[in-house]
1. Within segment 180-196, restricting attention to residues that are away from the ligand (no atom under 15 Å from the Cβ) and at pLDDT 95 or above, which residue is nearest to residue 248 (Cα to Cα)?
2. Filter segment 227-251 down to the residues that are more than 17 Å from residue 30 (Cβ to Cβ) and buried (at least 19 other Cβ atoms within 10 Å of the Cβ), then identify the one that is modelled with the highest pLDDT.
3. I'd like to know if segment 130-140 contains one or more residues that are within 18 Å of residue 38 (Cα to Cα) and surrounded by 24 or more Cβ atoms within 10 Å (Cβ to Cβ).
4. For the structure I just gave you, tell me whether residue 285 is in contact (Cβ under 8 Å) with a residue 60 or more places away in the chain, under 24 Å from the mean Cα position of the chain (by Cα) and under 30 Å from residue 138 (Cα atoms).
5. In segment 121-133, which residue that is free of Cβ contacts under 8 Å to residues at least 60 places away in the same chain and within 16 Å of the ligand (Cβ to nearest atom) is farthest from residue 15 (Cα to Cα)?
6. Going by the conditions given, is residue 187 within 17 Å of the chain's Cα centre (by Cα) and surrounded by fewer than 18 Cβ atoms within 10 Å (Cβ to Cβ)?
7. Working only within segment 46-75, note down all residues that are in a strand (DSSP E or B) and of a type in the set (D, E, K, R).
8. Please work out which one of (1) in contact (Cβ under 8 Å) with a residue 60 or more places away in the chain; (2) outside any loop (DSSP other than H, G, I, E, B); (3) not hydrophobic (A, V, I, L, M, F, W, C) is the condition residue 25 fails and give its number.
Amino acid sequence: MPSATALAHSNIALVKYWGKADRLRNLPAVSSLSLTLDGLATRTTVAFDEGLATDELWLNGQRQQGRPLQRASRLLDTVRGWAGSSSCAHIRSTNDFPTASGLASSASGFAALAAASCAAAGLHVEAPRVSALARAASASAARSIHPGFVLLPRGAEAAEPWAAADHWPVRLLIAVTDRGPKSVGSTEGMQRCEETSPYYSAWVEGAEALYERAKAAVRQRDLEALGDAMEQSTLRMHAAMHAAVPPVFYWLPATIAVLRRVWELRAQGTLAYATMDAGPHVKVLVSPADADIVYRALNELPGVSEVLVNSPGPGCQLTDGGVE
Ligand code: PMV
């Protein structure tokens, strides 16, 4: 029974991807720049087994059916096509972060699945193709193939590395907020914005300039410039979401409390910058020297259940070697 295991870490977009240039192929309408984290990892084992009648997916020990299984099977279909095989697979995936925290990101999951399934099928697939395979399932997953600071240009098939994890030792604090009602999934949320938000076109038009500013800021290790582009990116994305009909609204009172605290800290001279994704949690970018102060300030806010501290992390790896 040929099997392989891969380990991938989550990534957070500092400049966001939101919107599809091609829905069928899942190509992004705007360029994004992310940071791969050293925490929030998913370990996935894929074992092909001719005896299985269907693919089986186990996530944190629980058998999955419906959409999660369909998305995994679709990725495996591509790999089966490449390998000329029709074997079904047993997929076992575990997150090293509490699933109940609502942080279960598809990014680390699909990156690990892409790498493990290629290796289990006996294919020697290079990183850009593994990244494209992950991107077809979830565009943000394309970026988790690479370490450190990563680019996913608009319309691109695959993500590309921009700066190594040790290029710039920033910290990304994740303020985990109490969970609200179940969020709208990113695919549905994007589609609703594309179709109904009067601000969607403005979001797309402005995104490339922010991306270029963020790329330069990472190169120059300029926290102020990166933070500025980062906050504009998230606030413009959420403005486009809020103007959709019905609104795509992910924030909770604690989301706004964290945001305001970050702005207060900045007014007092601490360089801290916030970003939010398709959920209520807030991620805060700081220098290592300020991580403690900001950690304590966020941790005491009502509605914040915990604060996770992350550094730039590694790319996706097979447990018996890297993804080349
Ligand atoms: O890759 P998806 O479909 O999970 O979309 C991710 C969208 C955001 O997290 C909101 C932004 C991003 O670039 O990761």
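1. Per the criteria, the residue is 196.
2. 227
3. In the first step, residues of segment 130-140 are kept if they are within 18 Å of residue 38 (Cα to Cα); the result is 140.
Now narrow it down to the ones that are surrounded by 24 or more Cβ atoms within 10 Å (Cβ to Cβ): 140.
Looking for residues that are within 18 Å of residue 38 (Cα to Cα) and surrounded by 24 or more Cβ atoms within 10 Å (Cβ to Cβ), one finds at least one in segment 130-140, hence yes.
4. Values: in contact (Cβ under 8 Å) with a residue 60 or more places away in the chain: yes; under 24 Å from the mean Cα position of the chain (by Cα): yes; under 30 Å from residue 138 (Cα atoms): yes.
Judged against the criteria, residue 285 is a match.
5. Only one residue fits best here, namely 133.
6. On the way: within 17 Å of the chain's Cα centre (by Cα): yes; surrounded by fewer than 18 Cβ atoms within 10 Å (Cβ to Cβ): yes.
It is true that residue 187 is within 17 Å of the chain's Cα centre (by Cα) and surrounded by fewer than 18 Cβ atoms within 10 Å (Cβ to Cβ).
7. Residues of segment 46-75 that are in a strand (DSSP E or B), as a first pass: 46-49, 56-59, 62-64.
Matches in segment 46-75: 49, 56, 63.
8. Of the numbered conditions (1) in contact (Cβ under 8 Å) with a residue 60 or more places away in the chain; (2) outside any loop (DSSP other than H, G, I, E, B); (3) not hydrophobic (A, V, I, L, M, F, W, C), the odd one out for residue 25 is (2).
The values are calculated or read from the model by the stated rules, or taken from the named source; none is laboratory data. Just so it is clear, the model here is predicted, and its values are computed rather than measured. As a convention, Cβ positions derive from the backbone with ideal geometry for all residues, glycine included, and neighbour counts pool all protein chains shown.
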